[in-house]
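Remarks on the structure that follows.
The values are calculated or read from the model by the stated rules, or taken from the named source; none is laboratory data. Just so it is clear, the model here is predicted, and its values are computed rather than measured. Reconstructed Cβ throughout: ideal geometry from the backbone, glycine too, with neighbour counts over all protein chains shown. Note: areas computed on protein heavy atoms with side chains; ligands, DNA, RNA excluded. Shrake-Rupley method; radii C 1.70, N 1.55, O 1.52, S 1.80 Å.
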Amino acid sequence: MAYNILLMGASYGSLLASKLLFGGHSIHLVCLPAEADLINAEGFRVTLPVRGRKDPVLLDSRKLPGKVTAGGAQGVDPSKYDLVGLCMQEPQYRSAGVRELLDAVGKSRVPCMSIMNMPPLPYIKRIPGLDYEPLKAAYTDPSVWDNVDPKKITLNSPDPQAIRPPDEAVNVLMVTLPTNFKVARFKDPKANALLAELEKDIDAVRFDTPEGKIELPVKLRAYDSLFVPLAKWAMLLSGNYRCVTKDGMRTAQEAVHSDIETSRSVYNFVFDLCVKIGANPADLVPFEKYAAAAQSLVRPASAARALNNGVPNIERADKLVQLIAKQKGLSHPVIDAGVALVDSRLEANRKKAAAA
């Protein structure tokens, strides 16, 4: 069965879309006008490394079975779609047009799958035993989530790493770490049946190459546990946010491996916190596996790049984890120092913007 799928965000959304198009589904990407014009005229392209091949494969949306269109946030009716994917960063959901569309998505009760490092507040509300009110402080504007039903939202961990190469057009995405999307199942059985079909479609993909049909990496994997997507938290706090330095940024590889014992300490603290709030250790990823993957992360994380570029708001998964730990009577000095550093960098960016 072919579905109509709305993806809010064309950068990371293009990676998921490239896999879904193989199943013959219709994808509509919500993005900026320049992106939309280019995608409508030329489609989008994703370069994907494949183990055992010297050269990556090139996925061209125009050559895939499904259909892709793109446009702005205005005039989109979410009720016409079977699934909505949230592929923007958390601060973007309060921007004009996007905020109203997210509100309409919530009211439509269409199943909504977030692909964000920062779990939407309604997803956090699916985790029992937390005081949700104090956690709002980690969100740029928590009110944007008011009409999104926790029963209709799930979280898909954005484990695959991808960038837009600076020397390419905005409709080109390069995958740098081709791991799987890990999604928690919905509370709604009908939405879970849809997820299962999409998972099956992506599993069935075989791509034509000169050496024959090959299987492609970056699968969609659905799990019963709410906590499987939260395995990313330990990676973010020991790696991504530690790319931020007082005067600039460093690569994720440097952040993890320049002081491996500190990285291990932070990682295991967050790992243990996830277990404390309900995760099974088997839901999570051991530090050694992450540390090995971090050897290939030779760029600063997006949070550090954004801070360096002067943005006034970034996703604050670091603060969210700190606040959850506080509720459990726990803290880690490196995490506390990191949160304070990001706070100060953001404050400096806001002052600079206000003075401009």
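Below is a table of values for the structure above.
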item: K289 paired with N4, simple spin-label distance in nm, labels 7 Å along Cα-to-beta-carbon; result: 3.9 nm
item: Where only C-alpha atoms are counted, convex hull volume of the chain per residue in Å³; result: 140 Å³
item: Rg(Cα) / (2.2 N^0.38 Å) computed for the range 121-178, rounded to two decimals; result: 1.60
item: Cα pair count fraction exceeding 17 Å, expressed as % - the range 182-249; result: 62 percent
item: Extent along principal axes [Cα atoms of the range 283-356; Å; largest to smallest]; result: 45, 35, 19
item: Efficiency of FRET from Cβ geometry, E42 and I214, R₀ 30 Å, rounded to 0.05; result: 0.75
item: Largest-first principal axis extents, alpha carbons of the range 1-70, Å; result: 36, 31, 18
item: Helix-only CD estimate at 222 nm, as mean residue ellipticity for the chain, using -39500 (n - 2.57) per DSSP H run (n ≥ 4); result: -11000 deg cm²/dmol
item: Three-way shape call for the range 173-327 based on the alpha-carbon gyration tensor, with the a/c threshold at 1.5; result: oblate
item: Magnitude of the charge dipole, the range 198-267, Cβ model with Lys/Arg +1 and Asp/Glu -1, debye to 20; result: 180 debye
item: Qualifying trypsin sites (Lys or Arg not before Pro) for the range 308-356 [loop in DSSP, other Cβ within 10 Å: at most 15]; result: K328
item: Furthest towards positive pole of dipole, P178, V270, Q74, structure part the chain, Cβ charges; result: V270
item: Entries in K63/K213; K136/K219; K190/K289; K107/K151 that, when Cα-Cα distance is taken, lie over 23 Å; result: K136/K219; K190/K289
item: Whole-percent carbon and sulfur share, accessible surface of the chain, 1.4 Å; result: 52 percent
item: DSSP H segments from the chain that extend 18 Å or more along their own axis, Cα-based, with Kyte-Doolittle mean of -0.5 or above; result: 189-203, 260-276, 333-355
item: Total formal charge among the other residues, if their Cβ is under 9 angstrom from that of T140, Lys/Arg +1 and Asp/Glu -1; result: -1
item: Summed side-chain charge close to D203 - residues other than D203 whose Cβ falls under 11 Å, Lys, Arg +1, Asp, Glu -1; result: +1
item: Charge dipole magnitude, Cβ of K and R +1, D and E -1 - the range 203-356, Cα centre, debye nearest 20; result: 520 debye
item: Two-site label geometry, K151 and A196: point separation in nm, points 7 Å out along Cα→Cβ; result: 2.0 nm
item: Lys/Arg +1, Asp/Glu -1 at C-beta; the chain dipole; positive extreme among A340, V148, S26; result: V148
item: Point-charge dipole on Cβ atoms (K/R +1, D/E -1) for the range 49-120, about Cα centre, debye to 20; result: 320 debye
